[in-house]
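The values are calculated or read from the model by the stated rules, or taken from the named source; none is laboratory data. Just so it is clear, the model here is predicted, and its values are computed rather than measured. Cβ placement follows ideal geometry from the backbone for every residue including glycine, while neighbour counts extend to all protein chains displayed. Remember, those area values only see protein heavy atoms, side chains included, never the ligands or the DNA or RNA. Shrake-Rupley method; radii C 1.70, N 1.55, O 1.52, S 1.80 Å.
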Amino acid sequence: MLTGAGVSAESGVPTFREAQTGLWEKYDPLELATPEAFARDPELVWRWYRWRRDLVARAEPNAGHRALAELQSLVPRLTLVTQNVDGMHQRAGSQGVIEFHGNLFSDRCAAEHRIVRTSEDDRVPTCPDCGSYARPGVVWFGEAIPEDALHASFAAAADCDVFLSVGTSSLVYPAAGLADIAREAGAVTIEVNPNPTDQSESFTASLRGNAGTVLPQLVESLAH
Ligand code: APR
């Protein structure tokens, strides 16, 4: 199963390709979530990420996240791959979540790429080992997916009977390609999204609705 920003929309976490809100509405994530943006203005990038961290810390997992955690108890072989960096699935109780795009609350050394612990107070934190700038531990546009996440996700997609795609515009590869791998392996593929996506035609079925409504119904129907 693959989830995207739409699964956290009902928790009040803005999606990527829908309107940005508040302070940041004049910024394009494409201009902030890149290595080039960080090289140009690390302080601006950090301000944006701190704003996102605060927003996510104040948000709560919703009925969609909780339904997926419950689904795991019904389907123990379930692999949950998320493009989200907000950690909401884990907070709702999902186990073994594969974070395709990293985690918002981790920091990485910008020079050596290792996850590091930094001081909270610095406007631009630095790596405690080498003194280089530290950056958010997420995957930016144009960067590679962590290899272990990539391999585990591809293997799970190639070996599944049912593939669920929830709350993603299915535009960003390689995550969007997981549905193709599952389809080629003969799986039933189901999309949960209130809006059609470019991939809708390729799914076996599209459930049009919000994750917070559709997923609890789906889990309820499987449980009885
Ligand atoms: N329930 C389900 N889906 C929803 C809901 C909801 N309540 N609200 C919105 N959606 C759908 C939208 O219709 C849209 O198709 O969620 C999708 C969100 O799409 P994007 O904003 O493109 O987010 P996502 O697909 O996760 O983006 C992928 O791109 O920006 C990068 O790294 C970032 O992980 C992100 C990746």
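Each Lys and Arg adds +1 at its Cβ and each Asp and Glu adds -1 at its Cβ; summed about the Cα centre, the chain shows a dipole of about 380 debye. Taking amide H atoms as placed 1.01 Å from N in the peptide plane, the amide H of T189 lies under 5 Å from those of F163, T204, A205, each 5 or more residues away in sequence or on another chain.
Averaged per residue, the chain has 50 square angstrom of accessible surface, using a 1.4 angstrom probe with ligands and nucleic acids left out.
Helix 63-74 versus the longest principal axis of the chain: what angle, 0 to 90°, nearest 10, using Cα atoms? The two axes meet at around 60 degrees. Loop-resident trypsin sites (Lys or Arg not before Pro) (DSSP state other than H, G, I, E or B) in region 65-140 with no more than 16 further Cβ atoms inside 10 Å of their Cβ: R77, R114, R117, R123.
Counting only the Cα atoms, the chain fills a convex hull of 121 Å³ per residue.
Using θ = phi - 60° in the Karplus curve 6.51 cos²θ - 1.76 cosθ + 1.60, the 3J(HN,Hα) couplings for region 151-159 round to 5, 5, 5, 4, 5, 5, 5, 6, 10 Hz; x is entered for Gly and Pro.
Model label points for R123 and D41, set 7 angstrom from Cα along the Cα-to-Cβ axis, are 1.3 nm apart.
When a 1.4 Å probe is rolled over the protein heavy atoms, the share of accessible surface on the chain that falls to carbon and sulfur comes to 51 percent.
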